[in-house]
1. Failed condition for Ser256, given (1) part of a strand (DSSP E or B); (2) farther than 16 Å from Gly118 by Cα; (3) more than 16 Å from the chain's Cα centre (by Cα), with all others met?
2. At pLDDT below 95, closer than 23 Å to Leu248 by Cβ and assigned to a strand (DSSP E or B): does that describe Tyr130?
3. Of all residues in segment 216-242, how many are in a strand (DSSP E or B), surrounded by fewer than 17 Cβ atoms within 10 Å (Cβ to Cβ) and more than 16 Å from the chain's Cα centre (by Cα)?
4. Which one of Val231, Val263, Val209, Val199 is of a type in the set (Val, Ile, Thr) and either touching a Pro at 6+ places or on another chain (Cβ under 6 Å) or under 14 Å from Trp102 (Cβ atoms) (or both)?
5. If the requirement is being within 26 Å of Gly206 (Cα to Cα) and in contact with a Leu (Cβ under 7 Å, 6 or more places away or on another chain), which of these qualifies: Ala189, Ala113?
6. Which residues, taken from segment 85-115, are more than 19 Å from Leu248 (Cα to Cα) and either crowded, with 18+ Cβ neighbours inside 10 Å or without any contact (Cβ under 8 Å) to a residue 24 or more places away in the chain (or both)?
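The values are calculated or read from the model by the stated rules, or taken from the named source; none is laboratory data. Predicted model, so just to flag it, every value in this text is computed and none were measured. Neighbour counts run over all protein chains shown; Cβ positions are idealised from the backbone, glycine included.
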Amino acid sequence: MFALALLSYALLATSALARPSGLAGRLARRAAGTHLSRPIQKVDAPENLATNVSHVEYSSNWAGAVYDSYPSGSFTSVTGTFVVPTPKTPSGGSGSYSASAWVGIDGDTCDTAILQTGVDFTVDGGSTSYDAWYEWYPDYAYDFSGISISAGNTIKVTVTASSTTSGTAVIENVSTGQTVSKSITSSSALCEENAEWIVEDYEENGSLVPLANFGTVTFTSASASTTSGSVGPSGATLIDIEQNNNVLTSASTSSSSVTVEYV
């Protein structure tokens, strides 16, 4: 299954097909399985970076907080709760723009597998849409059915690894009472080295989607479980998205929250 998914992804990524336009086109791409949340793609600090900025790492696709090889044990679960934003078209932009908020295990120091679940938010002209999904990279993302999501809803997202090759993804719409879950198995084993709370510029057809102005996403009640206990995100590494030498986000943490702001 995973070999087939990767082959399909490779063919899509190397094709010369034009990107479909409009909300209908985006939904068609999603139905075809072209959404892919990738491991962190690290980049150098921008040339115009102020000397008092304390962020440790920059990425072309991830913003948020990441634990790397936590010394007290392997990560087995990650959870967080956020309010769904209303995405906006960036100043001067036109067309379709998206971003995704999720929690996951691995994808940084362990880049061969990621267990993750989250919500995409897209704006296309005057239309907005939301997709709840789960993914075990290198397979692509699959949409949940049986849950509806709107701007302002409170969403709880949790992933749990029951072994390095099996786990569960759960999304609860606290505002509506709807909950969906999926048991997942994979031949791509987790390292259980990383835990993360992320807003991502994900990929479609081999390239990053135009990043929406998502305002602010704050993961509250954020925690990660290890084989020796639970930890909050305050000790995690901060990540910001940098594209074309411009920093597009500002991430911060507290003992139980991760905030990502579009700047």
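1. That leaves (1) as the condition not met.
2. In short, no.
3. Number satisfying all stated conditions: 3.
4. Being of a type in the set (Val, Ile, Thr) and either touching a Pro at 6+ places or on another chain (Cβ under 6 Å) or under 14 Å from Trp102 (Cβ atoms) (or both) holds for just one of Val231, Val263, Val209, Val199, which is Val199.
5. Ala113
6. Val103, Gly104, Ile105, Asp106, Gly107, Asp108, Cys110, Ala113, Ile114, Leu115
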